[in-house]
Amino acid sequence: MFFQFIKFLCVGLINTGVDFGVLNLLMFLTGITVGVGYSFFKAISFTVAVINSYFLNKRWTFRREGKMEKKEFTKFLIISLIAFGINVSTASLLVNLIGPIGNISSYLWANISALAATAFTTLINFFGYKYFVFKDK
């Protein structure tokens, strides 16, 4: 399980890059770093990262072969939606209710908040995927 968790963390780093890449692209293109627009962008970036996560975790982390199974993908989406709610809520709470601390720019604070949300949902995802989605049959 230790090496599986290490693989999961590697996939997570890739997914975090996808998440942050999409989020920052949307913020850069629009100039929106707070409010409902930020929450919407965070939802989009998280969704793109989750789709990437399914394929990388299925094939590499949990070594499941074959085509995508509807039941398996549905379970993956359930865990991902729970994590989505926690992730977007955490990031939005930090950005919109707490706001930047000290002289941190809203852009940097948006990224710090997204990172904190990602860290918060890492274990939820791993155990949900391992014991609910990709469990040994």
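Evaluate the following for ILE32: is it outside any helix (DSSP H, G or I), more than 13 Å from ALA114 (Cβ to Cβ) and not small (Gly, Ala, Ser)? Spell out how you get there, then give the answer.
On the way: outside any helix (DSSP H, G or I): yes; more than 13 Å from ALA114 (Cβ to Cβ): yes; not small (Gly, Ala, Ser): yes.
Considered against the rule, which asks whether it is outside any helix (DSSP H, G or I), more than 13 Å from ALA114 (Cβ to Cβ) and not small (Gly, Ala, Ser), ILE32 comes out as yes.
Can you report the number of residues in the stretch 16-68 which are touching a Leu at 6+ places or on another chain (Cβ under 7 Å) and of a type in the set (Gly, Ala, Ser)? Talk me through it step by step, then tell me what you get.
To start, the set of residues in the stretch 16-68 that are touching a Leu at 6+ places or on another chain (Cβ under 7 Å) comprises 41-42, 44-45.
Add one more test, that the residue is of a type in the set (Gly, Ala, Ser), and what stays is 45.
Number of matching residues: 1.
Could you say which residue among ALA91, ALA114 is aliphatic (A, V, I, L, M) and either exposed (fewer than 14 other Cβ atoms within 10 Å of the Cβ) or touching a residue at least 60 places away in the same chain (Cβ under 8 Å) (or both)?
Values: ALA91 fails: either exposed (fewer than 14 other Cβ atoms within 10 Å of the Cβ) or touching a residue at least 60 places away in the same chain (Cβ under 8 Å) (or both).
Exactly one of ALA91, ALA114 is aliphatic (A, V, I, L, M) and either exposed (fewer than 14 other Cβ atoms within 10 Å of the Cβ) or touching a residue at least 60 places away in the same chain (Cβ under 8 Å) (or both), namely ALA114.
Name the residue that is farthest from LYS130 (Cα to Cα), counting only residues in the stretch 94-106 that are in contact with a Ser or Thr (Cβ under 7 Å, 6 or more places away or on another chain) and touching a residue at least 12 places away in the same chain (Cβ under 8 Å).
Keep residues of the stretch 94-106 that are in contact with a Ser or Thr (Cβ under 7 Å, 6 or more places away or on another chain), which gives 94-95, 100, 106.
Those still in the list that are touching a residue at least 12 places away in the same chain (Cβ under 8 Å) too: 94-95, 106.
Values: LEU94: 29, VAL95: 31, SER106: 36 Å.
Across the stretch 94-106, the extreme among qualifying residues is SER106.
Quick check on this structure: which one of PHE46, PHE132, PHE62 is in contact with a helix residue (DSSP H, G or I) (Cβ under 9 Å, 6 or more places away or on another chain) and modelled with pLDDT under 90? So that I can check it myself, show each step before the final result.
Working: PHE132 fails: modelled with pLDDT under 90; PHE62 fails: modelled with pLDDT under 90.
Only one candidate passes the filter, namely PHE46.
Can you pull out every residue in the stretch 46-77 that is assigned to a helix (DSSP H, G or I) and in contact (Cβ under 8 Å) with a residue 40 or more places away in the chain? Don't jump to the end; show me each part of the working.
Of all residues in the stretch 46-77, those assigned to a helix (DSSP H, G or I) come to 46-61, 70-77.
Those that are assigned to a helix (DSSP H, G or I) and in contact (Cβ under 8 Å) with a residue 40 or more places away in the chain: PHE46, SER53, LEU56, ASN57, LYS58, TRP60, THR61, GLU72, LYS75, PHE76.
In the set ILE124, ILE82, ILE98, ILE86, which member is more than 12 Å from the chain's Cα centre (by Cα) and either closer than 30 Å to THR30 by Cβ or exposed (fewer than 12 other Cβ atoms within 10 Å of the Cβ) (or both)?
ILE98
Quick one: which of LYS70, LYS130, LYS75 is surrounded by fewer than 13 Cβ atoms within 10 Å (Cβ to Cβ), of a type in the set (Lys, Arg) and farther than 19 Å from VAL18 by Cα?
LYS70
Filter the stretch 9-22 down to the residues that are within 14 Å of ALA110 (Cβ to Cβ) and at pLDDT below 95 and list them by number.
ASP19, PHE20 - these are the residues of the stretch 9-22 that are within 14 Å of ALA110 (Cβ to Cβ) and at pLDDT below 95.
Quick check: anything in the stretch 25-39 under 17 Å from ILE124 (Cβ atoms) and surrounded by 19 or more Cβ atoms within 10 Å (Cβ to Cβ)? Spell out the reasoning first.
Initially, the stretch 25-39 is screened for residues under 17 Å from ILE124 (Cβ atoms), giving none.
No, every residue in the stretch 25-39 fails to be under 17 Å from ILE124 (Cβ atoms) and surrounded by 19 or more Cβ atoms within 10 Å (Cβ to Cβ).
The values are calculated or read from the model by the stated rules, or taken from the named source; none is laboratory data. It should be emphasised that the depicted structure is a prediction, and the values quoted were computed from it without experimental measurement. In this analysis, Cβ positions are derived from the backbone assuming ideal geometry, glycine residues included, and neighbour counts consider all displayed protein chains.
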